[in-house]
Amino acid sequence: MSSKIEQLIDEIEEYIDGCKPQFMSSTNIIVNREEIEGLLRELRMKTPEEIKRYQKIISNKEAILNDARTKAEAMINEATAHTNELVSEHEVMQQAYEHANRIVEDATAQAQEIVDKAMMEANGVRQAAMQYMDDMLDHLEQIIIASTQDATTHYENLVGAMNHYHEIILSNRNELHPAEEQPVEASAENGAENATGESLDII
């Protein structure tokens with residue numbers, strides 16, 4: 001839709017186009033002074049009104065633009081705040097995740113340290129127990145060896161003493177029966193064998 005000023009300008013152009021050219025000139029025309037002045041007066045009168053209308057339109061446009069800017073800024077601020085909130089939540093979650101990982105790592109390291117220490121202590125106790133048992137068995141072995149040696153020595157001494165006493169007894173009996181030395185000795189040997197059921201070895 002064209003404005004009134006544009007319409008007046010169109011009318012002025014149509015008027016000019018309809019004027020007759022001046023004789024012997026391609027640029028000058030013959031105009032009716034009153035008509036052209038009337039058109040110009042009307043143009044002057046309409047100009048302020050049109051300017052006001054355009055100013056109002058411009059004003060409305062500015063208001064619309066300002067409102068749009070305000071809404072856009074509000075949306076941007078809201079989006080920025082939401083983004084910051086999401087970033088903050090992400091950072092909090094990230095920090096919590098890292099903190100949880102550190103706790104798990106520390107707990108795992110401490111648990112491994114406790115297990116290693118317990119293993120070392122268990123190995124130490126086991127080695128000490130084995131050493132103690134070995135020492136006790138060695139001591140018992142020495143006691144048994146010494147006891148066996150003592151028993152063997154006592155047994156040998158006892159057998160030697162009994163043989164010695166047996167010889168003394170035979171000698172004394174022979175002295176009691178000098179004339180019957182051989183038969184008496186044989187008879188004594190037979191009597192001893194019959195009494196015990198076995199002969200006495202003389203070592």
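Count Lys and Arg as plus one, Asp and Glu as minus one, and take only other residues whose Cβ is under 15 Å from that of residue 17; the net charge is then -4. Which of the listed residues, 63, 139, 80, is farthest toward the dipole's positive end in the stretch 59-143, when Lys, Arg count +1 and Asp, Glu count -1 at the beta-carbon? Going by the Cα projections, it comes out as 63. Three semi-axes describe the equivalent ellipsoid of the stretch 7-120; taken as square roots of 5 times the Cα gyration tensor eigenvalues and ordered largest first, they are 90, 17, 6 Å.
Using a Cα-Cα cut-off of under 15 Å, which aspartates and glutamates could be cross-linked to residue 46, ignoring same-chain neighbours fewer than 8 residues away? Cα-Cα hits under 15 Å: 6, 10, 11, 37.
Testing the spin-label approximation: label points 7 Å from Cα along Cα→Cβ at residue 153 and residue 117. State their distance in nm. Label-label distance for residue 153 and residue 117, simple model: 5.4 nm.
Bear in mind these aren't lab numbers, they're just calculated from the coordinates by the rules spelled out. Keep in mind the model is a prediction, meaning the values are calculated, not measured. A quick note on method: Cβ atoms are made from the backbone with ideal geometry, for glycine too, and the neighbour counts reach across all protein chains shown.
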